[in-house]
1. From the list Asp78, Asp29, which residue is acidic (Asp, Glu) and closer than 18 Å to Gly98 by Cα?
2. Just the residues that are under 17 Å from Val186 (Cβ atoms) and of a type in the set (D, E, K, R), please, taken from region 1-57.
3. Whether any residue in region 46-69 is assigned by TED's automatic domain parsing to the domain that holds Ala23, among the hydrophobic types (A, V, I, L, M, F, W, C) and part of a helix (DSSP H, G or I) is what I want to check.
4. Does Ile37 count as part of a helix (DSSP H, G or I), of a type outside the set (Phe, Trp, Tyr) and modelled with pLDDT of 95 or more?
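The values are calculated or read from the model by the stated rules, or taken from the named source; none is laboratory data. Not measured: the values here are computed from a predicted model. Here the Cβ is made from the backbone with ideal geometry for all residues, glycine too, and neighbour counts use every protein chain on show.
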Amino acid sequence: MPGEYILPAALGRFQELHPQVIAKLEIADSTEIGQLIMDAKLEAGMIGALLDNPLLCQEHIADDELVVIAASQHHLADERSIILENILEEPLIVREAGSGTQLVIESKLKEKDITPDRLNVRLELGSTAAVVNAVAAGLGISLVSRFAVKNRINSEDIAVLDIEDLPLERGLYFVTRRDQVISPLVESFYEFLKEYLQLYPSH
């Protein structure tokens with residue numbers, strides 16, 4: 001999610017301040033980003049869930065929240081909030097298993113003693129944008145970052161719902177290798193990104 005909805009605009013703003021910088025953005029799920037950093041193919045990344053890897057330095061950089069989205073014509077669309085049982089009953093569109101979103105969802109369900117096989121998964125997609133578009137097309141409901149839909153909350157194709165009995169707050173993390181000294185440029189971008197995310201929250 002960060003690679004689709006946060007970093008492009010943040011990098012654009014950073015380049016306005018530092019026009020000599022040429023950026024390369026790799027978009028992948030949180031697990032893959034962590035592995036690319038471990039393999040020294042990336043110097044740093046931004047992920048949507050803490051990874052179980054003590055060799056990674058994962059700095060909390062912003063707060064986020066997952067919300068339920070449904071097509072505007074869906075029978076839940078007129079509800080201001082729903083309960084977990086509604087999600088278990090509905091056809092669900094999800095991200096792939098290694099994504100930060102899925103890691104958070106599975107962790108939150110585990111706290112409620114609910115296993116992932118209770119979910120009525122109908123479609124698994126490799127990007128949050130694809131998930132949002134599939135929901136808008138009426139293929140099912142989903143849980144996505146509020147960052148991903150903040151510009152579509154008042155749109156006519158999707159409805160954004162809160163869950164009463166399943167808090168879905170999460171952190172976003174800036175990740176590097178613990179045994180590697182990051183470059184001054186990455187350090188500068190990290191400091192910029194913290195300030196940028198305070199000015200442009202998900203809500």
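1. None of the other options fit; the residue is Asp29.
2. Of everything in region 1-57, those that are under 17 Å from Val186 (Cβ atoms) and of a type in the set (D, E, K, R) turn out to be Arg13, Lys24, Glu26, Asp39, Lys41, Glu43.
3. Within region 46-69, not a single residue is assigned by TED's automatic domain parsing to the domain that holds Ala23, among the hydrophobic types (A, V, I, L, M, F, W, C) and part of a helix (DSSP H, G or I).
4. For Ile37, the condition - part of a helix (DSSP H, G or I), of a type outside the set (Phe, Trp, Tyr) and modelled with pLDDT of 95 or more - is met.
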